[in-house]
Amino acid sequence: MANEKRKKLTPVQQEYHLFEKERETKRPIVRNCVCAFLVGGIICVIGQAISYFYMYFFDFTEQTAGNPTVATMVFLSMILTGLGVYDRIAQFAGAGSAVPVTGFGNAVISAAIEHRTEGFVLGVGSNMFKLAGSVILFGTFAAFVIALVKTIATQWGGL
Amino acid sequence: MLKGHRTWVFANKPAIIATAAVGGPFEANGRLADDFDLLHEDLWLGEESYEKAHRVLIEEAAFQAMEKAGLEKEKVQFFIAGDLINQMTPTNFAARTLGMPYLGVFGACSTSMEGLALSAFITNYGGADYILTGASSHNAAVEKQFRYPTEYGGQKPPTAQWTVTGAGVAIVSSKGDDGPRVTAATIGRVVDMGLADPFNMGGAMAPAAVDTIEAHLRDMQIDASYYDLIVTGDLGRIGRQVSLDLLRQHGIDIDEERYQDCGLLIYRDGQPVLSGASGAACSAVVVYGHLIKRMRRGELKRILAVATGALLSPLSFQQNETIPCIAHAVAIEYGGEA
């Protein structure tokens, strides 16, 4: 917990915090990092293989192969999510399966499945981006800010 | 009769004449599978939504208990129960099916003992002959409301717990001459030690359990060794250790073997439940399914069931509130004179 938050607590609460922390099972950070590296790496290798597949067997260049590759990866992640496998991989892999685009696909489809019982419009439609919505919003906003910085730097900065 | 500050002693010792426990697929693979009356291999229970499946769990447990007690539902005067879902719709809807006069109670995961304490109080003073009480939870419905979608790939920390799918109910009666008897109940107060991590409920709830156990022993002027078993609701591995150490720090000598947690009894070691089980059904199915059966077999004479509840909502957590917790204790005895 952040230090600022801790300051608001009474001395008794702070004492209990330390007491409880000592007995808490720690997150195995090193193990989590290794797992995330391996699984994340494997996902990327699969993505690279699909990318080559599109370049060799279809009329794609290295630049244009990106879009069908992402679509395929998201599709695969949706299948795995629907079969109930992705969340199990994720418990093992952590950031390794959350950071790649497959994790984004999982966030969307899991919410869509979850809210299916509330109907297509108010359930699936309005809840599908419950988790992924903030990624889209802040991703777009960050891209806008970066583009603004770049424009200012090239136009007036003389770069 | 009030004894001490917040303990009720029931002079007429209402009996628990019948109990029933219903579970889901995860519970069927657990350690206590044999103690359930009914186990489902599918989380959906053949219903269209998890919330409807949740309602069915309660209904099935209620009908099982009434069948065992040999009671028509018209004979049962009150139904006192609760769950974790918004506005408690599963229990409310089950009450619609049952058609009994109904009191919905919410104490998060402490609902089971809150209901039992109230039922015992009412029957003790002649307010009813038979009361049906219980608590339930459904893993997927609870996950959906409190955490992420079921299939969402988020890594849970080792302090997280697994919500039990199931329902546990008991029929409390002033008339029964057979069965374990409710002798006392201590009502908990809300304790907030400033923990805010919803993936570490055990750590947050431990002080509430300790507070209630201490109050119970002080009010009753008894020693912890009076009970064959003091069982907490769903503290899990971390909460149990923390509460055990806290009790010892407060000078209450307690035998580790006789201090168990429902959240650790229900599943096998290999099951991926991280720190243990939780949920309103956790204490309900373990006490009403497993422990009452052990009492009937004569393995346990006196138990103190301390159901622990974390009174948070997804909203309060997002608004950076800490987690207030509560614990209610009920003493159940078997084999003594009525």
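The values are calculated or read from the model by the stated rules, or taken from the named source; none is laboratory data. Fair warning: this is a prediction, and the values are worked out from it, not measured in the lab. In this analysis, Cβ positions are derived from the backbone assuming ideal geometry, glycine residues included, and neighbour counts consider all displayed protein chains. Side chains are part of the model used for accessible areas, which takes the heavy atoms of the whole protein and leaves out ligands, DNA and RNA. Shrake-Rupley method; radii C 1.70, N 1.55, O 1.52, S 1.80 Å.
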Round to the nearest 10 and report in Å² the accessible area of B:W8, as given by a 1.4 Å probe over the protein chains' heavy atoms. 50 Å²
Quick numbers on chain B, Rg and Dmax over C-alpha atoms in Å, give 18.1, 55
Kirkwood hydrodynamic radius of chain A, Cα pairs, Å: 19.5 Å
Towards the positive end of the charge dipole of segment B:2-173, with charges on Cβ (+1 Lys, Arg; -1 Asp, Glu), say which of B:F26, B:L45, B:Y102 has the farthest Cα. B:Y102
Can you give me the C-alpha center-to-center distance between segment B:97-166 and segment B:210-271, rounded to a whole angstrom? 21 Å
If you place +1 on the Cβ of every Lys and Arg and -1 on the Cβ of every Asp and Glu, how big does the dipole about the Cα centre of the protein assembly as shown come out, in debye to the nearest 20? 820 debye
Using a basic spin-label model with each label point 7 Å from the Cα along Cα→Cβ, how many nm lie between B:A28 and A:F138? 4.1 nm
Between segment B:1-55 and segment A:102-159, the Cα center-to-center distance that results, in Å: 42 Å
Can you tell me which of B:E114, B:E48, B:E67 moves the most in a GNM of chain B? Springs connect C-alpha atoms under 10 Å apart. B:E48
Pick from A:A98, A:A147, A:A71 the residue whose mean-square fluctuation is largest in a GNM of chain A, springs joining Cα atoms under 10 Å. A:A147
Net dipole in debye of segment B:181-333 [+1 Lys, Arg Cβ; -1 Asp, Glu Cβ; about Cα centre; nearest 20]: 600 debye
Once label points are set 7 Å from the Cα along Cα→Cβ at both B:E257 and B:Y125, what is their separation, rounded to one decimal in nm? 4.1 nm
Considering every residue in B:42-51, what mean count of other chain Cβ atoms within 10 Å of its Cβ is obtained? 1
Computed helical MRE - 222 nm, chain B, DSSP H runs ≥ 4 contributing -39500 (n - 2.57), nearest 500: -9500 deg cm²/dmol
Which residue, chosen from B:G263, B:G202, B:A284, occupies the Cα position most advanced towards the positive end of the dipole of segment B:181-333, where the dipole is computed from +1 (Lys, Arg) and -1 (Asp, Glu) charges on Cβ about the Cα centre? B:A284
Excluding ligands, DNA and RNA, the carbon-plus-sulfur percentage of the accessible area of chain B with a 1.4 Å probe reads 49 percent
For segment B:181-333, fraction of C-alpha pairs farther apart than 28 Å, in %: 15 percent
Which order, highest average first, do B:316-322, B:165-171 follow once you tally other Cβ atoms within 10 Å for each residue and take the mean per peptide? B:165-171, B:316-322
Most fluctuating residue given options B:S313, B:S119, B:S283, as computed from a GNM of chain B linking Cα atoms under 10 Å: B:S313
Would you calculate, for chain A, the mean residue ellipticity at 222 nm contributed by helices, counting each DSSP H stretch of 4 or more residues as -39,500 (n - 2.57) and dividing by all residues, to the nearest 500? -23000 deg cm²/dmol
Among B:A167, B:M113, B:G251, flag the residue with its Cα farthest along the positive direction of the charge dipole of chain B, charges on Cβ as +1 for Lys/Arg and -1 for Asp/Glu. B:G251
Average the reciprocal distances over every distinct pair of alpha-carbons in segment B:2-173, invert the result, and give the Kirkwood radius in Å. 16.6 Å
What angle, in degrees between 0 and 90 and rounded to the nearest 10, separates the Cα long axis of helix A:11-23 from the longest principal axis of the Cα atoms of chain A? 60 degrees
Per residue, the convex hull volume that the Cα atoms of the protein assembly as shown enclose (Å³): 173 Å³
Between the chain alone and the structure with every protein chain in place, find the residues of segment B:136-161 that drop at least 40 Å² of accessible area; heavy atoms, 1.4 Å probe. B:K144, B:P149, B:E151, B:Y152, B:G153, B:Q155, B:P158
Pairing the Cα long axis of helix A:66-82 with the longest principal axis of chain A, what angle in degrees results, from 0 to 90 and rounded to the nearest 10? 50 degrees
Under a cut-off of 18 Å between alpha-carbon atoms, report the aspartates and glutamates in cross-link reach of A:K21, not counting same-chain residues fewer than 8 places apart. A:E4, B:D192, B:D197, B:D245
Quick one: how many lysine pairs in segment B:2-173 have C-alpha atoms under 30 angstrom apart, if they're 8 or more apart or on different chains? 10
Where the only charges are on Cβ atoms (+1 Lys, Arg; -1 Asp, Glu), what is the dipole of chain A about its Cα centre, to the nearest 20 debye? 540 debye
